[in-house]
Amino acid sequence: MSLMCKSCSKAVLNKKFNIKLNCHDDLVIALAGNPNVGKSTVFNALTGLNQHTGNWPGKTVENARGNYKHKDKKFVLVDLPGTYSLLANSVEEQVARDFICFGKPNATIVVTDATCLERNLNLVLQVMELTDKVILCVNLMDEAKRKKIKVDIKGLEKELGIPVVGTTARSGEGLQELMDQVYEIALGFQTTSPRPLVYTPDVEWKIEELTPKLVELLEGKLNPRWVALRLIEGDPTILDSIRNFLYDDKDSNAQEEVACIYEC
Amino acid sequence: MKEGYIYEKIMPLSEIDVGYTVQVLKLLTTGLQRRRMLDLGLIPGTVIEVLRKSPLADPIAYNIRGATIALRTEESRQILVRQMN
Amino acid sequence: MNVNQGYQSYKELITIQNELYEEGENELRDSIVSSIYMQAEEIANKVVERDQTKKFYWDKKLDDILTSKYTGFPIMFLILGFVFWLTVTGANYPSAVLANVLFDIEGELTNWFMSVNAPEWIHGMLILGVYRTLAWVVSVMLPPMAIFFPCFTLLEDLGYLPRVAFNLDKLFKKAGAHGKQSLTMSMGFGCNAAGVIACRIIESPRERLIAMLTNNFVPCNGRFPTLIALATIFVGGWVGSQYSIFAASLFVSFLVLIGIGVTLLVSWALSKTLLKGVPSSFTLELPPYRRPQFGRIIYTSMIDRTLFVLSRAVVVAAPAGLVTWILANVMIGNQSILAHGAGFLQPFAHLIGLDGFILMAFILGLPANEIVLPILIMSYMSKGSMIELDSIQAMKELFIANGWTWLTTLNVMLFSLLHYPCATTLWTMKKESGSTKWTLFGAIMPTVIAVVVLLVITQVVRLLGLV
């Protein structure tokens, strides 16, 4: 039994992120977004009172989780700290990045503010680089309307290659569609084709130079292009995280078995 | 074009008065501070509007890519800009 | 997978990063971030359409007023003052009702104890000690918190708090502290424990610690009732009774300003000595004002703040009630332990312009600041359990009969403002900082400040022969 569980990412969720699932079939959804875009409103609207807060293990950063049911499935929604980027310049950004990267949620929702989309897209593009199971939620559509800003949702969908839903979480508008899209993506009924980020030739050249070595070292556990970018960028935290999540195997057996008990 | 360039003054962002719009030319910071600034969208070419001073004149709030962000003088002094209007 | 192999891979990754670092290509790093932003800009330009004709934004107008050189500070103090006033006056009635209900239940419990012939001391310990203290803490703490926290959350939800940080940042920068400390400080008015938790928003460990250690210099809801009662007595002698509420409010506001001043001063001293360092870079977003969501406000302020803080207070107040009752009722010779303790503390207490019973009350009040005054009254009346006098006038007469002067009243207020934080706050400090050493410092440093301030004032006043 424990052999089977070693390969399952739910054990990582339990062990490193302190997220326990009642049932192995529960789907884990991460909720990312800039600060002040109404992310917690979306969180509250989806989960209602079925939520509780704690801390990320070892960090004084709040970790809110909630549950909701949609169609025949149960979802665990994990509210990540509000950040402008995932480049890990702060504890919050590191927590958010590590969860999307190593916690392997079944899908990630990125909440953005329709009134300043440009700034928010920075984060969206970074999340898309990490995972293809992304849904973009363009929130505060009512504010945008008030400020006479029009967002072409369909056009955005085409540009990004991921599902985009316009919402006004405060009044509940668009949330049904959001949950539908999350369902489709999380269960793999629909696939996405995220627009790849293109960098300047000198960066691309450097990535190419590093890739063969990284493919060998990462053994398919992480996207080599993404790791190459972080190394070039000089991100001081990425190696710690890789060590913590991929290579740290000590005393893990016992805890992974605990995770198995929760399966049904 | 060339003549116009002569009159352009390069100044630190901290010196710009409220109401003016400027364009970022260069960041003088390094390390983590530089990464944070870049993260806010302060990359060369970005257009910034000086919005308001706090009652004690520091920090100053700027419109950076659609969000209102307040920076202390220590930070804004390290951002070289060019006036646009 | 093989652990050693994993470690080997990790080592090789480090080597790669070090090599890249040696090359020191700052431009590559910049260009990665620029590329992302440029592509975001490109996409946004394609899908976003703005109507440029609309020029009037009420957000902007509001900011013009709330952060203006002239009106920014006055409005800030008016709003803060209004919230205090609402908290204090609004809490009076529900507090009285709660107290009545809880003390009625006490009567019932007493009857039950008598009916089963429980020994007197068991009834004393459990009902007069534990239950009565709990009833006190709940009835005095719950209503103000249930008013203050929703008000505070409302301001938070509206987007006003970042403007407070924007207005005050320069003062905190000068003190070597973080701009967000003004937010954790305002949170402390509700409850210092909640204020210490709020320090999480400060990222740099040095500045977070400064914010935690100085949080208790702003009086919390537990101390406001004490300060208001004593301020009424203090100013009551000088102004006519019709102005006394107003004068007392003014005096309390003055004390609050002293507290803020001490916060800045101590922050400055810490950042120059024990917690040396330059203020970390500070970027603060001023988000657009938003229509508040009342459901969320009630939920977060009640569940996350009020009940959370109350439950912690209850946990520490229960044993405190027990201990107080035992100390006040166990006799050694012809005096209770409490009186012996007060006698022992008397010489030192006199030196700083207090008396032994006052110091005993502050020591026993460690678990929760709101029980300080009741304990004090109890010991003056040599009754074995806590009571509250029904009027401020009666309290004043009791104090005068026990040798209080205006200096004593002033000193008790200052001591309450400056002394060690309550046990709940200390516990929270320990949990949040993870350091016993800093928690101890957080208890000792304010106490030393309080003692020094009182000593100086008392000696100067006595030297000048003002009392």
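The numbers here are math on the coordinates, done by the rules we state, and not lab data. Values in this document were obtained by computation on a predicted structure and should not be read as measured data. Note: ideal-geometry Cβ built from the backbone for every residue, glycine included; neighbour counts use all protein chains shown.
Structure above, values below:
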item: Selected from A:Val165, C:Ala229, C:Ile16, residue furthest toward positive end of dipole (the protein assembly as shown; charges at beta carbon); result: C:Ala229
item: Estimated FRET transfer efficiency (A:Leu49, A:Lys158; beta-carbon r; R0 35 Å; 0.05); result: 0.40
item: Lys, Arg +1 and Asp, Glu -1 on Cβ, resulting dipole of region C:18-147 about Cα centre, debye, nearest 20; result: 960
item: Farthest positive-ward along the protein assembly as shown dipole, Cα basis, beta-carbon charges - from C:Met38, C:Leu440, A:Val227; result: C:Leu440
item: Filter on A:Lys148/C:Lys180; A:Lys104/C:Lys180; B:Lys53/C:Lys170; C:Lys60/C:Lys174; C:Lys69/C:Lys180; A:Lys69/A:Lys147 - keep pairs with C-alpha separation over 23 Å; result: A:Lys148/C:Lys180; A:Lys104/C:Lys180; C:Lys60/C:Lys174; A:Lys69/A:Lys147
item: Relative packing of peptides C:321-328, A:68-75, A:141-148 - highest average C-beta neighbours within 10 Å first; result: C:321-328, A:141-148, A:68-75
item: Those chymotrypsin sites (Phe, Trp or Tyr not before Pro) in region C:163-272 that DSSP places in a loop and that have at most 11 other beta carbons within 10 Å; result: C:Trp238
item: Estimated FRET transfer efficiency (C:Thr405, C:Phe348; beta-carbon r; R0 30 Å; 0.05); result: 0.95
item: Separation between Cα centres of region C:108-149 and region C:267-315, rounded to whole Å; result: 32
item: Sorted by Cβ neighbour density within 10 Å, fewest at the top, the residues C:Lys46, C:Lys170, A:Lys154; result: A:Lys154, C:Lys46, C:Lys170
item: Farthest toward positive dipole pole in region B:2-83 [+1 Lys/Arg, -1 Asp/Glu at C-beta], among B:Gln78, B:Thr29, B:Pro59; result: B:Thr29
item: Shielding by partners - mean other protein chain Cβ count within 10 Å, residues of C:162-171; result: 4
item: Hz values of 3J(HN,Hα) by residue in region A:120-135 - Karplus curve (6.51, -1.76, 1.60), Gly and Pro given as x; result: 6, 5, 3, 5, 4, 4, 5, 5, 5, 6, 8, 8, 9, 8, 10, 10
item: Whether region A:53-196 is rounded, prolate or oblate, judged on the alpha carbon gyration tensor where a/c under 1.5 counts as rounded; result: rounded
item: Among B:Thr30, B:Thr68, B:Thr46: highest mean-square fluctuation, GNM of chain B, C-alpha pairs under 10 Å; result: B:Thr30
item: Proxy reagent accessibility, fewest Cβ within 10 Å first, across C:Cys199, A:Cys101; result: A:Cys101, C:Cys199
item: Region B:2-83, relative contact order in percent, only Cα pairs under 8 angstrom and at least six apart counted; result: 42
item: Hits among aspartates and glutamates - C-alpha to C-alpha of A:Lys39 under 12 Å, sequence gap 8 or more where chains match; result: A:Asp79, A:Asp113
item: Cleavage-rule hits, trypsin sites (Lys or Arg not before Pro), region C:268-368, DSSP coil, Cβ neighbours within 10 Å at most 12; result: C:Lys276
item: Cα-centre dipole for the protein assembly as shown with unit charges at Cβ (Lys and Arg positive, Asp and Glu negative), debye to 20; result: 1320
item: Average partner coverage of A:145-156, which counts Cβ from other chains inside 10 Å; result: 4
item: Cα gyration tensor category, rounded, prolate or oblate, for the protein assembly as shown with a/c compared to 1.5; result: prolate
item: Cα gyration tensor shape of region C:217-332, rounded if a/c is under 1.5, else prolate or oblate by comparing a/b with b/c; result: rounded
item: CD proxy at 222 nm, helix term only [per DSSP H run n ≥ 4: -39500 (n - 2.57); per residue of chain C; nearest 500]; result: -24000 deg cm²/dmol
item: Protection proxy ranking of C:429-439, A:111-121, C:350-360 - average other beta-carbon atoms within 10 Å, highest first; result: A:111-121, C:350-360, C:429-439
item: Relative contact order computed over region A:116-240 (Cα-Cα under 8 Å; 6+ residues apart), in percent; result: 24
